[in-house]
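In what follows, a structure is listed as structure tokens, so that the remarks can point back to it.
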Amino acid sequence: MNDTLTHITSGFQSAWRHVKLTFILYIVQLSMAIVIGFEVYQVMEASIGHSASVEDIIEGYNHTVLRDFINVHGASLSPLVGQMRWIILVYAIYSVFLHGGILNVLIKDGADWSDFWKGGAKYFRPFLFYALIFSTVFMLWTAIIWIPILGGLFPLIESMDRERPIFWIIFVVFIIWVLGTILVFALSLTSRYLYISENRSFWHALYLSRKRIMVSWKPHMAAIMTFILCIAVIYGANLLFELQIGIRSEFLILAFLFWQQLMVIVKVFLRVALLSSCVGILSSHVTK
């Protein structure tokens with residue numbers, strides 16, 4: 001346990017030492033968000049931009065406005081959905097580049113700017129194949145867990161008089177799915193770590209990742225769950241800020257946007273800290 005806390009603390013220290021990485025990732029994410037936001041703005045401006053119902057949206061979530069918008073202007077969303085698919089695909093591919101750069105900096109403790117771009121370019125191709133492999137594993141895992149549950153959920157609801165057993169069944173299945181997802185993430189990260197740090201071949205790193213996780217799964221699980229808890233606290237703080245302050249004026253809207261961007265930066269920092277913690281855990285568990 002003490003070793004795990006040490007790795008988590010070291011992860012935060014490393015993320016702070018390489019704080020430029022946080023801002024590089026934030027700028028990339030902000031650029032993608034601006035592109036998406038501009039597309040959404042154009043659709044909204046052309047459809048309900050001059051409608052009085054916009055005032056109802058400012059007051060908070062309004063199901064009536066949303067339903068009317070989909071019924072009346074639903075066709076205008078089709079081009080946006082089509083563009084979003086390509087934007088998501090581009091970001092998914094670019095995230096492979098980002099992870100190559102991040103891990104190159106954290107593993108080699110190099111200079112933030114130059115080593116980030118060098119690592120992203122150097123490891124893009126193998127990391128892309130790792131991403132395809134583990135994305136497929138994740139989708140198979142998700143299908144194995146949820147398709148049987150969702151397929152039998154409605155007959156189960158009709159056959160039971162109380163909802164509590166159904167809730168607990170879904171909750172237990174969700175926990176199992178989360179643990180399996182964490183394992184897939186850890187295997188993916190371990191494969192990339194071995195490829196960079198120990199100069200393993202693509203398939204050898206993939207094979208050894210299983211052995212490395214077998215001896216380091218407890219600290220990995222503890223570290224990842226710690227950062228998941230941190231992210232949950234951030235989302236809770238966002239919700240509390242919105243409920244307490246509200247966004248009923250231009251000043252409050254700007255204040256809320258500033259707060260959201262600050263939380264995005266914190267989440268990106270936590271992401272770098274998590275990767276750094278996992279790198280520390282992996283470096284302390286050496287297998288042949």
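The values are calculated or read from the model by the stated rules, or taken from the named source; none is laboratory data. Bear in mind that the values here come from a model prediction, so they are computed numbers and not experimental data. Because the Cβ atoms are built from the backbone with ideal geometry, glycine has one as well, and the counts that use them run over all protein chains shown.
Within the stretch 221-234, identify whether any single residue is farther than 20 Å from residue 21 by Cα and outside any helix (DSSP H, G or I), and answer yes or no.
Scanning the stretch 221-234, I find no residue that is farther than 20 Å from residue 21 by Cα and outside any helix (DSSP H, G or I), so the answer is no.
Inspect all residues belonging to the stretch 126-134 and state whether any of them is surrounded by 15 or more Cβ atoms within 10 Å (Cβ to Cβ) and at pLDDT below 90.
No - not one qualifying residue is present in the stretch 126-134.
Please work out if residue 140 is within 18 Å of the chain's Cα centre (by Cα), modelled with pLDDT of 90 or more and part of a helix (DSSP H, G or I).
Judged against the criteria, residue 140 is not a match.
The rows are residues; the columns are (1) surrounded by 13 or more Cβ atoms within 10 Å (Cβ to Cβ); (2) at pLDDT below 80; (3) within 30 Å of residue 282 (Cβ to Cβ).
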residue: 11; (1), (2), (3): yes, no, yes
residue: 18; (1), (2), (3): yes, no, yes
residue: 26; (1), (2), (3): yes, no, yes
residue: 49; (1), (2), (3): no, yes, no
residue: 73; (1), (2), (3): yes, yes, no
residue: 79; (1), (2), (3): no, yes, no
residue: 82; (1), (2), (3): no, yes, no
residue: 97; (1), (2), (3): yes, no, yes
residue: 103; (1), (2), (3): yes, no, yes
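Surrounded by 11 or more Cβ atoms within 10 Å (Cβ to Cβ) and either at pLDDT below 85 or out of contact with any Asp or Glu (no Cβ under 6 Å at 6 or more places or on another chain) (or both): is that true of residue 274 in this structure?
Working: surrounded by 11 or more Cβ atoms within 10 Å (Cβ to Cβ): yes; either at pLDDT below 85 or out of contact with any Asp or Glu (no Cβ under 6 Å at 6 or more places or on another chain) (or both): yes.
Against the criterion (surrounded by 11 or more Cβ atoms within 10 Å (Cβ to Cβ) and either at pLDDT below 85 or out of contact with any Asp or Glu (no Cβ under 6 Å at 6 or more places or on another chain) (or both)), residue 274 qualifies.
Within the stretch 254-266, is there a residue that is in contact with a Ser or Thr (Cβ under 8 Å, 6 or more places away or on another chain) and closer than 23 Å to residue 99 by Cβ?
Yes, there is a match, as at least one residue in the stretch 254-266 is in contact with a Ser or Thr (Cβ under 8 Å, 6 or more places away or on another chain) and closer than 23 Å to residue 99 by Cβ.
Of the residues 276, 209, 188, only one is touching a residue at least 12 places away in the same chain (Cβ under 8 Å), in contact with a Gly (Cβ under 9 Å, 6 or more places away or on another chain) and within 23 Å of residue 98 (Cα to Cα); which? Don't jump to the end; show me each part of the working.
Details: 209 fails: in contact with a Gly (Cβ under 9 Å, 6 or more places away or on another chain); 188 fails: in contact with a Gly (Cβ under 9 Å, 6 or more places away or on another chain).
Sole residue among the options that is touching a residue at least 12 places away in the same chain (Cβ under 8 Å), in contact with a Gly (Cβ under 9 Å, 6 or more places away or on another chain) and within 23 Å of residue 98 (Cα to Cα): 276.
Does the stretch 195-208 contain at least one residue that is under 22 Å from the mean Cα position of the chain (by Cα), part of a helix (DSSP H, G or I) and surrounded by 14 or more Cβ atoms within 10 Å (Cβ to Cβ)?
No; the residues of the stretch 195-208 include none that is under 22 Å from the mean Cα position of the chain (by Cα), part of a helix (DSSP H, G or I) and surrounded by 14 or more Cβ atoms within 10 Å (Cβ to Cβ).
How many residues does the stretch 247-284 hold that are assigned to a helix (DSSP H, G or I) and closer than 29 Å to residue 208 by Cβ?
Of the residues in that region, 14 qualify.
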